[in-house]
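Okay, so here's the structure we're looking at.
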Amino acid sequence: MKLPSGKTVNVKIPAGTQSGDKIRLKGQGFASAKSGQAGDALVEVRISTHKLFKVDGADIRVDVPLTLYEAVLGGKVRIPTLSGAVNLTIPANTSSGKTMRLKGKGLPKKEGGHGDLLVGLEIVLPEQTDEELENLMRAWKEVKPYTARGPEFD
């Protein structure tokens with residue numbers, strides 16, 4: 001990083017550092033008016049947003065879209081992580097909004113180890129209307145009706 005004095009220094013970010021934490025650079029600040037000695041520079045860490053991941057302490061979150069057939073039948077879905085993609089097994093009959101945990105795939109912790117990657121599952125229907133799917137749902141509604149909401153929604 002470049003200091004206000006014009007000097008460029010490398011700053012080591014310790015494991016477990018979070019947004020808002022401050023790192024002290026001893027003797028890298030401006031000179032004191034009284035003694036002439038350089039004071040300390042304080043660097044405040046800001047974690048940038050990412051298009052996929054959201055930081056939650058040492059855990060990170062990612063929302064993963066599922067097709068209707070992946071949610072109903074289950075299967076393996078490729079999930080991006082900080083250390084490379086992994087295959088996550090989606091159980092059959094998975095509802096939208098379910099969160100699955102990939103242990104140790106989050107950010108480093110100050111006390112050692114890593115947080116988790118929390119995978120939020122979201123069912124996404126086809127963009128265009130599908131007459132066959134609509135007919136299947138009408139028939140299924142007649143044969144196997146169920147309620148997704150509790151009595152508090154009545």
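Distance check, please: which entries in Lys76/Lys103; Lys12/Lys54; Lys2/Lys110; Lys12/Lys103 exceed 19 angstrom between their Cα atoms? Checking Cα-Cα distances, Lys12/Lys54; Lys2/Lys110; Lys12/Lys103 exceed 19 Å.
Sorted largest first, the spans of the alpha carbon positions of region 62-143 along the three principal axes are 55, 23, 17 Å. At an R0 of 25 angstrom, the distance between the Cβ atoms of Asn93 and Thr49 translates into a FRET efficiency of 0.15. Of all beta bridges that DSSP places with both ends in the chain, some 75 percent have antiparallel geometry. Phi-derived couplings, Karplus 6.51 cos²θ - 1.76 cosθ + 1.60 at θ = phi - 60°, listed residue by residue for region 5-10: 6, x, 6, 9, 9, 8 Hz, with x used for Gly and Pro. Applying the Karplus relation 6.51 cos²θ - 1.76 cosθ + 1.60 with θ = phi - 60° to region 51-63 yields 3J(HN,Hα) values of 5, 10, 9, 10, 7, 9, x, 8, 8, 10, 10, 9, 9 Hz, where x marks Gly and Pro. Computed over the chain with a Gaussian network model linking Cα atoms closer than 10 Å, the most mobile of Ala31, Ala15, Ala85 is Ala31. The H on the amide N of Ser96, modeled in the peptide plane, is under 5 Å from the matching H of Ile123, each at least 5 residues off or on a different chain.
The string of couplings for region 17-26 from the Karplus curve (6.51, -1.76, 1.60, θ = phi - 60°) is 5, 10, 4, x, 5, 10, 10, 8, 9, 4 Hz, one whole number per residue in order, with x for Gly and Pro.
The sum of -39500 (n - 2.57) across all DSSP H runs of n ≥ 4, divided by the residue count of the chain, sets its helix-only mean residue ellipticity at 222 nm to -3500 deg cm²/dmol. Taking amide hydrogens as placed 1.01 Å from N in the peptide plane, the amide H of Ile90 sits under 5 Å from those of Gly75, Lys76, Val77, each at least 5 positions away in sequence or on another chain.
Residues whose amide H comes within less than 5 Å of that of Asp63, counting only those at least five positions distant or on another chain, are Gly120 (H built at 1.01 Å from N in the peptide plane).
Projecting the Cα atoms of Val55, Leu82, Ser35 onto the dipole axis of region 27-154, where Lys and Arg carry +1 and Asp and Glu carry -1 at the beta carbon, places Ser35 farthest toward the positive end. Which of the following values of Rg/Rh (Cα atoms, Kirkwood Rh) was calculated from the structure shown: (1) 0.96; (2) 1.24; (3) 0.94? The value computed from this structure is option (2). Counting 0.36 nm for each residue step from Arg61 to Glu131 and taking away their Cα separation leaves a gain of 21.7 nm. The GluC sites (Glu not before Pro) of region 46-154 meeting both criteria, a DSSP state outside H, G, I, E and B (loop) and at most 13 other C-beta atoms within 10 angstrom of the site's C-beta, are Glu111, Glu127.
We did not get these values from a lab; they are worked out from the coordinates using the rules stated. All of these numbers come straight from a predicted model, not from anything done at the bench. When we count neighbours, we look across all protein chains shown, and the Cβ atoms used for this are built from the backbone with ideal geometry, even at glycine.
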